[in-house]
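Enquirer: Below is a structure I'd like to ask you about.
Please treat every number below as a calculation from the coordinates, not as lab data. None of these values were measured; they are calculated from a predicted model. Glycine gets a Cβ as well: all are built from the backbone with ideal geometry, and neighbour counts include every protein chain shown.
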Amino acid sequence: MSLYYFISNLISIGILIVIKNYVLDEDKIHANIQVQKAKPKKENKFQRKMKEMMEQAEQQKQSQNKNKK
């Protein structure tokens, strides 16, 4: 049983090394990640609504401060 696990681990390590060195192109993946970071993020409905509510609260706060002065 120990021999089975040992050989299985060696095969798995070999497969991982082959995939890492010959299949994956890390530079291409890194470039793709940088392109995705540069794109503007889309706001979902909840985020948009929260932003609007915060802006309204800020406007109300400013108008109350103007009325007090």
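Enquirer: Hey, if you put +1 on the Cβ of every Lys and Arg and -1 on every Asp and Glu Cβ in the chain, which of F46, H30, I15 ends up farthest toward the positive end of that dipole?
Expert: The one lying farthest along the dipole's positive direction is F46.
Enquirer: Between K49 and I19, what length in nm is gained on full extension when 0.36 nm per residue of separation is reduced by their alpha carbon distance? The partial results should precede the final answer.
Expert: Numbers: separation 30, 0.36 × 30 = 10.80 nm, distance 4.50 nm.
Here the segment from K49 to I19 would lengthen by 6.3 nm.
Enquirer: Another question, if that's okay. Give me the distance in nm between label points sitting 7 Å out from Cα along the Cα-to-Cβ direction at V35 and N65, one decimal.
Expert: The answer from the label model is 4.5 nm.
Enquirer: Given 20 °C and 1.002 mPa s, how large is the Stokes-Einstein diffusion coefficient of the chain in µm²/s, with Rh as the Kirkwood radius over Cα pairs? Display every interim value, and only then the final one.
Expert: Values: Rh = 18.0 Å.
It diffuses with D of about 119 µm²/s by this estimate.
Enquirer: Right, next: Hey, what number do you get for the chain at 222 nm if only DSSP H runs of n ≥ 4 count, each worth -39500 (n - 2.57), divided across all residues, to the nearest 500? Don't jump to the answer; show the numbers that get you there.
Expert: Details: 3 runs with 54 residues, N = 69.
Helix-only estimate at 222 nm: -26500 deg cm²/dmol.
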